[in-house]
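Notes for the one structure printed next.
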Amino acid sequence: MIDKNQLRQCEVIKMEPLVANDKLFVKSGITVLSALAGTGKSTYMRAKMDEFEKNGYSCIYFNADLADIKNSYLLPDNISDFFNIIGSGDNNDVVIIDSLKMFCAMYNLDVMDNSDMIRLFLGLREITSKNHLSVIFIHHSFKEKRLKNAEEHLFGARAIEEQSDSVFLFDVSMNMKIIKNRLGLIRDSIFTVE
C-alpha cells in the first residue's frame, strides 16, 4: 500500500478574477497576453497595472524588452534571484513580465521547448499558490500568415498555453480573442478593448 504521508497534498486554489467584473486576469494565477509586435500590448498592460494599483494591489513591471514604460524594472541577473524576489512575500501582488520571449532568452530557457516552459511555469505555480501572487506575461503571437491552424496562437511551446490559467490574443485592431480562461469566459469570444 502507498504511504500517503510521503506525498505532498495538492493545494486547491479557487479561481477568481484579480479585479471584480474583469474575468481576464486570474488572482493567484498565470495569465498570458499575446499580440504581434507594435500592437500596443505593453501600453495596454501598463494601463491595467494602474487599474490594479487603484484596486489596492502592489504591482511590479519587469521590462525585459526595455520598452519605454515608466516605473519598470530590469530583471535580476539570474533566474534564482528572480524567483527569490517574487517569492519573498514583499507584497508584490501582481508581477508583469514584458516579454516572455526576452525573459526566456535572458535566463537561457528555450521558449520553443515544452520541458523548459513546464519547469518555468511549475516554479511560478508554486509561488503563485503559496503567496497569492498573480503573474502576467506579455508575449508575442505568430503572424497570421504563419498560422498552420486555428489552435496555433502563441509563439513558442504548447506548454505555455497548457500551463497558463488565462490566455488571450490581441489583433492589430486591439480586438481580444479568449484562447483559454479558467474564470469562465467563453473560448474564442472576441471583444474590443477601449
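The values are calculated or read from the model by the stated rules, or taken from the named source; none is laboratory data. Note that the structure is a prediction, hence the values are computed from the model and not measured. Glycine gets a Cβ as well: all are built from the backbone with ideal geometry, and neighbour counts include every protein chain shown.
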Which condition number in (1) crowded, with 18+ Cβ neighbours inside 10 Å; (2) modelled with pLDDT under 90 is the one that I138 fails? (2)
Could you tell me whether segment 67-77 includes any residue that is β-branched (V, I, T), farther than 22 Å from K177 by Cα, touching a strand residue (DSSP E or B) at 6+ places or on another chain (Cβ under 7 Å) and surrounded by fewer than 20 Cβ atoms within 10 Å (Cβ to Cβ)? yes
Listed by first then second residue, the pairs whose first member lies in segment 103-130 and is closer than 18 Å to D81 by Cα, whose partner is among the charged types (D, E, K, R) and part of a helix (DSSP H, G or I), with beta carbons under 7 Å and at least 6 positions apart or on separate chains, are L109/D116
Is it true that some residue in segment 69-91 is over 14 Å from S134 (Cα atoms), in contact (Cβ under 8 Å) with a residue 40 or more places away in the chain and either touching a Phe, Trp or Tyr at 6+ places or on another chain (Cβ under 6 Å) or part of a strand (DSSP E or B) (or both)? no
Return the total of residues in segment 100-124 being assigned to a helix (DSSP H, G or I) and either under 15 Å from V32 (Cβ atoms) or not hydrophobic (A, V, I, L, M, F, W, C) (or both). 15
Among the candidates K130, K145, residue that is in a helix (DSSP H, G or I), at pLDDT 65 or above and out of contact with any Cys (no Cβ under 7 Å at 6 or more places or on another chain): K130
